[in-house]
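One structure below.
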Amino acid sequence: MKDIAIESHQLTVHYDRKVVLHEVDVSIKAGRLTGIIGPNGAGKSTFIKSIMGVLPRTSGWIQVLGKPSHQVKKQIAYVPQRESVDWDFPVTVFDVVLMGTYPKMKWWQKVGVLERANAQKALEKVQLVDYANTPISDLSGGQQQRVFLARALAQNAHIYLLDEPFAGVDMASEQNIMQVLKGMRDAGKTVVVVHHDLYSAQHYFDDVILLNKRLIGAGESSVMLQPEYLSQAYGSSLTLLTQMAHEMSKK
Ligand SMILES: Nc1ncnc2c1ncn2[C@@H]1O[C@H](COP(=O)(O)OP(=O)(O)OP(=O)(O)O)[C@@H](O)[C@H]1O
Ligand SMILES: [Mg+2]
């Protein structure tokens, strides 16, 4: 279907002998902001990596824009979970963002004026122009996160996958990142975000996918963030759920 950007069918992934994702059937709509939510170890990062096609599947399939991921990889931009990046790598902010433009370039092309302008524009969006020549190792966590968002923006892809972009960032950075993501959605991009905070999720996302090794449910965020679904995803975290129910009843 044309309005489905990402679709998985019976997707099962193992690491060694451990099942991490089990028969996940999910459709992610194009042009929407979708949150992937679930407890630690639920397989959220694994699902994102499966969308990119970088993990071996045990069974099932996943398609992006109606094709296997490797055929459309230039159309997929990825912002990794922060801990998985080597921040001591000796490179400046501008260079990291400029790298975002590489997937679209042919091997014989040199980085030119257009690529540099795209990188500059992306830095403006995340409010980091003043840091263009700073080594990435000298940035705060929130700034580093925004550099990676800028790199994804410079790629000008159709699909944006972000793994916990708000981890360790302050409220101002979080709002800046969220504003950029909503702007991308409004421009017709498909944005998928792994997220932890249930309270903000209902304000941030159009749709939510609840994962805990299996698909618990997927749909509009106002429906999926109700206690009956959350309790299936989070199991015995009762205190949290009681709080959620309380918050919901105030709305
Ligand atoms: N490279 C790997 N080798 C072996 N096991 C792995 C590997 N990566 C992840 N796992 C395991 O797979 C499970 C799912 O991991 P994943 O990183 O997808 O979870 P997550 O939902 O993203 O968790 P978190 O909220 O902590 O980021 C975990 O139990 C994890 O220990
Ligand atoms: Mg993760």
Extension gain, Lys18 back to Asp138 (0.36 nm per residue minus Cα-Cα distance, nm): 39.4 nm
Only Lys, Arg (+1) and Asp, Glu (-1) charged, at Cβ; segment 1-58 dipole about Cα centre in debye: 140 debye
Too-long pairs where the Cα-Cα distance tops 31 Å, listed order kept, from Lys121/Lys213; Lys18/Lys189; Lys73/Lys125; Lys73/Lys121: Lys121/Lys213; Lys18/Lys189
FRET efficiency (Tyr102, Asp186; Cβ distance; R0 30 Å; to 0.05) is 0.70
Residue order, fewest to most beta carbons within 10 Å, for Glu7, Glu228: Glu228, Glu7
With +1 on each Lys and Arg Cβ and -1 on each Asp and Glu Cβ, how big is the dipole of the chain about its Cα centre, in debye rounded to the nearest 20? 840 debye
What does the helix-only formula give at 222 nm for the chain: each DSSP H stretch with n ≥ 4 adding -39500 (n - 2.57), the total divided by the residues, and the result rounded to the nearest 500 deg cm²/dmol? -10500 deg cm²/dmol
Where in the chain are the DSSP H helices whose alpha-carbon span along the long axis reaches 20 Å or more and whose Kyte-Doolittle mean is at least -1.0? 141-155, 171-186
Cβ-Cβ FRET estimate between Asp130 and Lys67, R0 fixed at 35 Å, reported to 0.05: 0.30
Size descriptor, Kirkwood hydrodynamic radius, that averages inverse alpha-carbon separations across the chain, Å: 18.8 Å
Between the residues Met99, Leu211, Pro165, the Cα farthest towards the positive end of the dipole of segment 4-249, that dipole coming from +1 and -1 charges on the beta-carbon of Lys, Arg, Asp and Glu, is from Met99
May I ask you to derive the FRET efficiency for Thr58 and Lys121 from their Cβ-Cβ distance with R0 = 51 Å, giving the value to the nearest 0.05? 0.80
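Since every read-out is calculated from the coordinates, none of them should be taken as a lab result. All values derive from a computational prediction rather than experimental measurement. Backbone-built Cβ (ideal geometry, glycine too); neighbour counts: all protein chains shown.
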